[in-house]
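Since the structure comes first, as structure tokens, the remarks are kept for the end.
FYI, it's all coordinate maths here, none of it is from the lab. The structure presented is a predicted model; accordingly, all values stated were derived computationally and were not measured. Here the Cβ positions follow ideal geometry from the backbone for every residue, glycine too, while neighbour counts run over all protein chains shown.
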Amino acid sequence: MARLKIPERHREGIARIAKLSADEAQSIRSALDSSVGRKHEEETQGTPADVATAALGKMAGVERVELRQVSEALASMYLEKQRRDVSTEEFVSEVADALEDVHELTPNDRPVLLKNLDTLLTSDLFTITTKVFDLKTESDKIYCESRILTDLRPVFGIDVNEGPTAMVVMHQLKLSFHQGGPRHQDVYIALDADDLEELKKVLERAEQKAATLRAIVKDVRLFGIKDGK
């Protein structure tokens, strides 16, 4: 297997982890684990790094930028560990070797980094949120955003100089999605009043089904549903 290389954007976050005391690392681990344990709260949307940042955001005395650096580094390392299919012990050693290769880890900091990474990367938060994210995005097209454009279309008679004889209200649904990459793609769908009514009913039914599932599933954290729906 190729030797691990740490992207520059994650090196500062890993360097911060190497400077944590054992108590600080354990506090972060506790914050991550407690987030997994909460049931039926509003889900944090986004990637495993987003979920981890939200979990750590409840910790006092830690800068938001620092939290994001640590969260993104941890999520990235967990995904790479899964991809390489190695044990946590073996992987954290590879991380330390990679940092030493670029002279960003001292011999004194290595044991601390190994211990802290072992503490943090074994949190259930990364196991669960990574699987949830994979399931949510395991599709050919991933929804990004939507917008409905509404306008009036004039209808002219035989003599256009007399002006429009009628007006039609038209709606155009713009759906933006990802397909095989980060670039947005768009599709436009014409809608009339009946289509809007049907679309609204379909969305309301989906929310009702999610609420029904929430009532049934009481003993596990439920992802993919907003609080109060």
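Placing R0 at 30 angstrom, the Cβ-Cβ distance between residue 30 and residue 143 gives a FRET efficiency of 0.30 after rounding to 0.05. Here the residues 134, 109, ranked from fewest to most Cβ neighbours within 10 Å of their Cβ, fall in the order 134, 109. Amide H to amide H, with H built 1.01 Å from N, residue 191 comes under 5 Å of 171, 172, 173, counting only residues 5 or more places away or on other chains. In terms of its alpha-carbon gyration tensor, region 142-216 comes out oblate; a/c meets the 1.5 threshold, while b/c is at least as large as a/b.
Evaluated over the Cα positions of region 8-136, the convex hull gives a direction-averaged projected area, one quarter of its surface, of 7.8 nm².
Measuring between their Cα centroids, region 146-168 and region 68-115 lie 63 Å from each other. Computed over the chain, relative contact order equals 23 percent, with contacts defined as Cα pairs under 8 Å that lie 6+ residues apart. Loop-resident trypsin sites (Lys or Arg not before Pro) (DSSP state other than H, G, I, E or B) in region 96-186 with no more than 15 further Cβ atoms inside 10 Å of their Cβ: 141, 183.
Between 167, 77, 59, the GNM of the chain built on Cα springs shorter than 10 angstrom shows 167 fluctuating the most. Here the residues 188, 78, ranked from fewest to most Cβ neighbours within 10 Å of their Cβ, fall in the order 188, 78.
Per-residue ellipticity at 222 nm, computed for the chain from helices alone with -39500 (n - 2.57) per DSSP H run of at least four residues, works out to -17000 deg cm²/dmol. Net length available on complete extension from residue 106 to residue 205 is 29.9 nm, with 0.36 nm assigned per residue and the Cα-Cα distance removed. In the list (1) 87, 42, 36; (2) 74, 39, 30; (3) 49, 43, 31, the label attached to Cα extents along the principal axes in Å as derived from the coordinates here is (1).
The residues neighbouring residue 86, those whose beta-carbon lies less than 10 Å from its own, together hold a net charge of -2 under the Lys/Arg +1, Asp/Glu -1 convention.
Simple rule: put +1 on each Lys or Arg Cβ and -1 on each Asp or Glu Cβ in region 142-216, find the dipole, and look at 152, 170, 189; the Cα lying farthest toward the positive end is 189.
Just 17, 189, 128 to compare: in a GNM of the chain, with alpha carbon springs under 10 Å, which one fluctuates most? Comparing 17, 189, 128 in a Gaussian network model of the chain, the most mobile one is 189. Ordered by the count of other Cβ atoms within 10 Å of each Cβ, fewest first, 156, 177 give 156, 177.
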